[in-house]
Amino acid sequence: MPPSPHHPAQDERDPKTDGRNAEPTAGLIDSQSVRTADTVPAGTRGFDAGKKVKGRKRFIVTDTLGLLLAVHVVAANIQDRDGAKRSLLWTRLDHPGVQKIWADQGFAGRFVEWSRTILGRELEIVRKGPDQRGFQVQPKGWAVERTFSWLTAHRRLARDYETSPARSETMIRWAMIGIMVRRLTRGRLATRPGRRLLLRDVP
């Protein structure tokens, strides 16, 4: 099965294998609201009115391959433009080569100016087409959305069970380490197994 034009097979590899520099020069930011377990303290969770989710919100910054650069976890009632500041600041400090970051419309407004004046980084808002109806893959945003799907495939991250947001961030980094190690040790493109015949025991 040929790779999708929006999900090229090369993006499954690490930067060096893909012919890129180890240090990224561009990134993407997005947020994900997730429900929390009953054991999570009430003071560290909130209600996301837009997503109709009571829990916490995860902010991640990735490179253009979808590899994690920064993560920050807050209560779900925090607005995107407020909760994203710390993750962008950490990206600025840990990955100074990242000069441009793409984000969806939830980050538009004063946050763009804050990124430019305080961090000296360009934040470009990827907007939907005027005639778009329903869900469509965005030219830039799909890579960070795919990273969220990688992370939530881990059972521990399908819901937030941690008593502190800092521990939630650690669990996300831990999961991403596992993802990156598998890609580095694989050393080749990802392949899907073919169709397998169902064999029955013959008496």
Put T185, T147 in order of accessible area, largest first, probe 1.4 Å, and you get T185, T147
Distance in nm between D38 and M180 label points, each 7 Å along Cα→Cβ, equals 3.8
For the pair R110 and F47, the simple spin-label estimate (label points 7 Å beyond Cα toward Cβ) gives in nm 2.5
Note, segment 167-176: 3J(HN,Hα) by Karplus (6.51, -1.76, 1.60, θ = phi - 60°), whole Hz, Gly/Pro = x, goes 5, 4, 4, 5, 5, 5, 4, 4, 5, 5
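Cα-Cα over 23 Å: which of K52/K140; K100/K140; K52/K100?
From K52/K140; K100/K140; K52/K100, over 23 Å: K52/K140; K52/K100.
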Regression test value, accessible area per residue of segment 33-114, probe 1.4 Å, units Å², expected 45
Rg (one decimal) and Dmax (whole number) from the Cα set of segment 70-129, in Å, equal 11.3, 34
Residues whose modelled amide H sits under 5 Å from the amide H of V53, counting only those 5 or more places away in sequence or on another chain, are D48
For K128 and T163, extending 7 Å from Cα along the Cα-Cβ vector and measuring point to point gives, in nm, a value of 4.1
Residues of segment 23-64 with backbone N under 18 Å of the label point set 7 Å from the Cα of K100 along Cα→Cβ are 23-30, 62-64
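The values are calculated or read from the model by the stated rules, or taken from the named source; none is laboratory data. Since this is a predicted model, take the numbers as computed values, not measurements. Heads up, the Cβs are rebuilt from the backbone with ideal geometry, glycines too, and the neighbour counts pull from every protein chain shown. For accessibility, only protein heavy atoms count, side chains too; no ligands or nucleic acids. Shrake-Rupley method; radii C 1.70, N 1.55, O 1.52, S 1.80 Å.
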